[in-house]
Amino acid sequence: MESKMNNRPLSSGISYTISELFSGNRKIVIPDMQREYCWPSVLSVGQNCSLVTSYVRDLIRSFNDKIDSRMGLIYAYELPANHIQLCDGQQRTTTIYLLIGCLTKIISKVDEKQYRQAEDVLISEFERHDDHEPRLQYAIRESTLLFLRDLVSNYFLGEETDIKNADWYFSSYNEDHSIQNILKAIDEINSMVNENIASGLLSYILCKISFLYFDMQSRRYGEEQFVVLNTTGKPLTPSEHLKPQLIGAMKNVDNAIKKQYSDMWESWEQFFWDNRPKDDAHSNFVVDDYLNEFLRWVFICENIGKETELFRDDAKQYSGIQKVLAGSRIDIVEYYKGKDVTKLFDTIDKYKDALLFIIKNNITIDSDCSSDTDFPKYSLWDIMLKDEDAKHVIYRLTTSHCATLLPVLAYVKTKIEKEETPIVNNVIRLFRICWEIAQKNASNYDVVRLCVFIKNNGDNVLESLLNQNDNLYTESIKKSAIVRLSEGMEMNILSDYENEYWKLIHLNTVKGESGFIFNVLGDNINAISIRKIAENLRLTYERPTNQLRRALLTYTDYYQGAGWSKIGGRYCYAKDSGYFFYMFHEKNANIQVKTELLNFLRDIQNEADVDSFIERKLSPGNEPVLDKGSEEWKKLVARLYKDPHWFDYGRGRGYVAWNDSRQCGYMLTSYKVTDGSFAKIIPTSHREEIGKLCKRLNENTNSNWEIIEQWKLQRQIEKNIEGRKHLLYLEADFLSSDESLGELCYSISTRDMETWEIFNSRLLDKYPHADKDLDNPNRPYIHIGKIQGTDTDLILQTLTDILKFLHSL
């Protein structure tokens, strides 16, 4: 089934089915801040069974009763793209994923079409041909992730029936609490489902169970909002019930006045209806939903100044307004009980006028970052209605959106209240300032302080920014304010500098944090210099090419440790714009690397032709000059610089691994090397020699052997080589001092296990010193030996003899 959300970001406040959640290349990640999977070991309240059994029973009951079911709310954020990090809903999501797996195994021999649909829910098509990573990812512990990978491939979608006795089940899994509970859950699920209900239940789960997605934006906000959303907060009464309650709460007001305020309420509803999106995609627009959310904005803006001394950075100590901002709701009728409700109506009407001003002047409240000159812009309605194909459930503005909209909404309302006409360009300027601040500081605590700051300073916000010592107002924002003021800023004009700067800070390497740009430009800051450096950023750091990556090696080696892989320590650099954003903005980034990246920017800031500059860097005599690391490491970096082949090999990935024990390097095509996605880095001359050997060996032997010039693990080769039974691996040693071919290692493998049994014994008889993989004796390959020296004829004769011997078996 083609999902309406295939590879598109999930939208907050939208309802999705299970098959829509697990679609495209999307993965659902249980982040390390979450607890272990525990439902199979927790008893359901009032029932003599686990939560897993209780939950599955309820699903089966809903299926039998033909009732569509909702999983409730799921709180999460997406980082990186297509990786949904769950802040809440882990236990339900894991249980339903395991249930889908068990049902898929049952129907695998019965309904191929349904099996393929379920298979795509368990693991994406891309991963089925890549690293076999399932859609459900556990970041709590790597062993859980590896177990899930094999569970999906070998049990749910394979022939395996006894998990604990499978050769991929390691004894260490017995100490992993999540894995043991997953095994318990599978046993409980299998005891409740059978072939009679499997097909129908599976279809029901994929298409009839849905959940409401709530976007937490980031890990930081996910943690703090999770605390708030688990505290008590009275639900906001739906607006259709608010009107009669508020009108009824008006004391000592005659009926004629009440009629005026009743008409005012209807004018608000009419306002949202008249200003709704008119296109067919938004035909299900619900006025009441938008009015309800609008009343929340009013409540925050009006009361935020009353709790200034109560604002706290700790979510557990949030003030009442902070809780409303984070997601808790409040009963407005109860809050205004005993107060003059007519003043509330008059205030809301002024905010309605302020919102109308923003809408009528086409002022956007949010825009995504982009490497292009024209970045995407969103109106208020675009923000509220993220998915045009989904049911239009209200989208509650996130704290970041609130940081951008609410301070300006309050500013415009104040102007209107004073019977002053807001200046459009000055409102746009305030929006831009709020957006820029929100990119780095948009926690709940930051938003309420920003709202108070804008509300108190209004038209004088630029001058006021210069006097702030709070870290909310970063040095780059203050610097920008200085430049704006030095440009002779007028309230009714947006200067060229402001417009060019607005485009610059939307680049993916900047994202509103422009401090490093001011560092590069020094005192040469104007519209022209900003435009030029933005252009050259788009040509380099925004879309790094292999040419750029090689040229950067002439500055330094950019060593950035990135953990550990199966073959050694990883490092990466310049693989995408995110790398540069991290290096410029993260406190833990390598200072030397950041310095050299800034030096490159200084070198190109005035370059008319950046490509020519990079070409000059790649000319002879500009080889990397390294001042750290072993001689072997320096050789590796020099080889990366000289030979573009390796960057082409790792295109889109860009990870390099260094193996200290073997003193050699590998180019990785996957961040996690688990089943074969790397190649040993060797000089071009070696590869050319091996290519000649391949050709001559094929002529000499006339056999069905395939010769691979780069070392790859068995699974990777079996995936890429179709129709080949026998394989010969050649691995060149690149550490010979004179860069001659030096030493070759060669290994034999076969995909035919019966043939392997013959090979295994006879090869060991003929080559008793062959090195077999002792850690995995059933793995079908064997290292025969090494050829020393650079005599190509000797190498050719040795390999020809081996191939003829194997061909005779």
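The values are calculated or read from the model by the stated rules, or taken from the named source; none is laboratory data. Quick caveat: nothing in here was measured; it's all calculated off a predicted structure. Neighbour counts are summed over all protein chains in view; Cβ atoms, including those assigned to glycine, are modelled from backbone coordinates with ideal geometry.
Before moving on, here are some points about what is shown:
- Residue tally, condition at pLDDT 85 or above and either of a type in the set (A, V, I, L, M, F, W, C) or not in a helix (DSSP H, G or I) (or both), over the range 169-192: 8
- Condition check for Leu246: outside the structural domain of Gly101 (by TED's automatic domain parsing), at pLDDT 65 or above and among the hydrophobic types (A, V, I, L, M, F, W, C): yes
One line per residue, one yes/no per condition, for (1) buried (at least 21 other Cβ atoms within 10 Å of the Cβ); (2) without any contact (Cβ under 8 Å) to a residue 12 or more places away in the chain; (3) in the same structural domain as Lys360 (by TED's automatic domain parsing):
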{"position": "Ala410", "(1), (2), (3)": "yes, no, yes"}
{"position": "Ala442", "(1), (2), (3)": "yes, no, no"}
{"position": "Asp459", "(1), (2), (3)": "no, no, no"}
{"position": "Glu463", "(1), (2), (3)": "no, no, no"}
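- Unmet criterion (only one of (1) free of Cβ contacts under 8 Å to residues at least 24 places away in the same chain; (2) surrounded by fewer than 16 Cβ atoms within 10 Å (Cβ to Cβ)) for Val287: (2)
- Total residues in the range 587-636, condition under 22 Å from Gly512 (Cα atoms), under 28 Å from the mean Cα position of the chain (by Cα), at pLDDT 85 or above and surrounded by fewer than 16 Cβ atoms within 10 Å (Cβ to Cβ): 2
- Any chance Tyr169 is without any contact (Cβ under 8 Å) to a residue 60 or more places away in the chain, in contact with a helix residue (DSSP H, G or I) (Cβ under 6 Å, 6 or more places away or on another chain) and not acidic (Asp, Glu): no
Every residue, every condition in (1) in the same structural domain as Leu79 (by TED's automatic domain parsing); (2) among the acidic types (Asp, Glu); (3) within 15 Å of Ile182 (Cβ to Cβ); (4) in contact with a helix residue (DSSP H, G or I) (Cβ under 7 Å, 6 or more places away or on another chain), yes or no:
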{"site": "Ser108", "(1), (2), (3), (4)": "yes, no, no, yes"}
{"site": "Arg116", "(1), (2), (3), (4)": "yes, no, no, no"}
{"site": "Ser124", "(1), (2), (3), (4)": "yes, no, no, no"}
{"site": "Asp130", "(1), (2), (3), (4)": "yes, yes, no, no"}
{"site": "Gln137", "(1), (2), (3), (4)": "yes, no, yes, yes"}
{"site": "Phe147", "(1), (2), (3), (4)": "yes, no, yes, yes"}
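- Qualifying residue in the range 477-498 (condition: closer than 30 Å to Asp648 by Cα and either touching a strand residue (DSSP E or B) at 6+ places or on another chain (Cβ under 6 Å) or of a type in the set (D, E, K, R) (or both)): no
- Scan of the range 17-40 for residues that are of a type outside the set (Asp, Glu) and at pLDDT below 80, ordered by number: Pro31, Met33, Gln34, Arg35
- Unique residue being modelled with pLDDT of 90 or more, within 30 Å of Pro80 (Cα to Cα), among the charged types (D, E, K, R) and not assigned by TED's automatic domain parsing to the domain that holds Leu598 when the list is Glu535, Glu475: Glu535
- Residue match in the range 344-362 (condition: among the β-branched types (Val, Ile, Thr), part of a helix (DSSP H, G or I) and modelled with pLDDT under 85): no
- Here Ile533 meets each of (1) touching a residue at least 40 places away in the same chain (Cβ under 8 Å); (2) touching a Lys or Arg at 6+ places or on another chain (Cβ under 7 Å); (3) over 25 Å from Asn460 (Cα atoms) with one exception, condition (2).
- Residue within the range 126-137 that is out of contact with any strand residue (DSSP E or B) (no Cβ under 9 Å at 6 or more places or on another chain) and without any contact (Cβ under 8 Å) to a residue 60 or more places away in the chain present: yes
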